[in-house]
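**Q** One structure coming up, written as structure tokens, with questions to follow.
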Amino acid sequence: MSSDNLGLPYRVLLFLARTPPFNRGLLRRFWMNFFQMRIDHAVQTTYRGVPFYFRLDNPTELKGLFNYYNVKETNYLIKLCSSGTPTFIDIGANSGFYSQIILYHAAPGSKVIAIEPNPAMCERIRKNIGLIDDLIQKRKLHFALESCAAGPVESAMHLDLDGGLGGAHVVDTPSPTSIEVKVEKLISILRRHKVESIDALKIDVEGYEDKVLIPFFREAERSLYPKHIVIEHTSDKDWAEDLWGYLRKAGYREVARTRGNSILRLENSDT
């Protein structure tokens, strides 16, 4: 682990906080609170070898700092994307956690497209990508950041930030805590980048998943259906349509479930 912009005492404490058994249960919560109260800048470090800037005002980054965020999901995707020339789509990319990890482990020639409407998060993605830019160039990886929300129609909508950086979500009407953002259909984004197949897709858009995926499946050729999907299940009560039923009919089967996500595989896919 490298913590280049922390003083020696904090580097030692962070090392301890990331080491079993000191990173479990109540101790984990203690360390998170301890660092949040004392560190007000991005911490330059690594997550399982992948370089990042982690800011402590965002749950995703905070958990990543302590090396335990979505381990099963990232292991699954790393295995998928470490051979061949895969394409990975990251919808609701937040600070670029998944995109950064996949790029770091991806085989030469791979493609990663991150879709994120929050300008503050887009800036964090760019800074993180800067840490691995040499690797991206060396392996001839294709990375694109789409600064928009994915949705059912091309339009302008509002991103409500009331839930914090980890819980921002698209809404129809403005509020004192919202900002206007561009919305594009997923199929339009993929066509612009000449995507012909998708090896893996991750989506975490706080209850908006049905409005992104169902219009996509209705319009896309089956050859464009993602072979694997990591989808947040904790907001499915907010779906207006039965996305689970739609995914089952499309041929997806759940192969694993974690506290926050379901991992789906398209039947008859070649991986």
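Coordinate-derived values only; no laboratory data. Note that the structure is predicted; figures quoted are calculated from it, not measured. Cβ placement follows ideal geometry from the backbone for every residue including glycine, while neighbour counts extend to all protein chains displayed.
**Q** Please list the non-local residues whose amide H lies under 5 Å from the amide H of residue 198, H modeled 1.01 Å from N, same-chain partners needing a gap of 5 or more.
**A** Hits under the 5 Å cutoff: 227.
**Q** A further question follows. What's the local net charge at residue 111, with K and R +1, D and E -1, over the other residues with C-beta under 15 Å away?
**A** Values: positive: 139, 140, 191, 192, 194, 202, 227; negative: 90, 146, 196, 199.
Neighbour charge sum, excluding residue 111 itself: +3.
**Q** Something else: With springs only between Cα atoms under 10 Å, which of 228, 193, 105 fluctuates most in a Gaussian network model of the chain?
**A** 193
**Q** Follow-up. When the scattering of the chain is computed by the Debye formula from its Cα atoms alone, each counted once and equally, what is log10 I(q)/I(0) at q = 0.08 Å⁻¹?
**A** Per q value, in the given order, log10 I(q)/I(0) is -0.32.
**Q** Is segment 1-123 rounded, prolate or oblate when judged by the Cα gyration tensor, a ≥ b ≥ c being the square roots of its eigenvalues, rounded requiring a/c under 1.5 and prolate requiring a/b larger than b/c? Can you show the working numbers first?
**A** Values: a/c = 2.09, a/b = 1.66, b/c = 1.26.
Since a/c reaches 1.5 and a/b is larger than b/c, the shape of segment 1-123 is classed as prolate.
**Q** Of the chain, which part is the longest with no trypsin sites (Lys or Arg not before Pro) in a loop (DSSP not H, G, I, E, B) and with at most 13 other C-beta atoms within 10 angstrom?
**A** Working: sites that count: 24, 140, 194, 259.
Counting only loop sites that pass the neighbour cut-off, the longest clear stretch is 25-139.
**Q** Please give the charge dipole size of the chain, origin at the Cα centre, charges +1 on K and R Cβ atoms and -1 on D and E Cβ atoms. Round to the nearest 20 debye.
**A** Values: 35 positive and 33 negative charges, 242 e Å.
With only Lys, Arg, Asp and Glu charged at Cβ, the dipole is about 1160 debye.
**Q** Against the longest principal axis of the chain, how steep is helix 25-38, in degrees 0 to 90 to the nearest 10, with axes from Cα atoms?
**A** The angle comes out at about 80 degrees.
**Q** Now for a separate question. Counting DSSP beta bridges with both partners in segment 71-266, what percentage is antiparallel, nearest 5? Present the calculation step by step, with values, prior to reporting the outcome.
**A** Numbers: 19 of 40 bridges.
Antiparallel bridges make up about 50 percent of those DSSP assigns within segment 71-266.
**Q** Relative contact order of the chain: what whole-number percent is it, with Cα pairs under 8 angstrom and at least 6 residues apart? Intermediate results must be reported in sequence, preceding the final value.
**A** Values: 486 pairs, mean separation 35.6, N = 271.
With pairs under 8 Å counted, the relative contact order is 13 percent.
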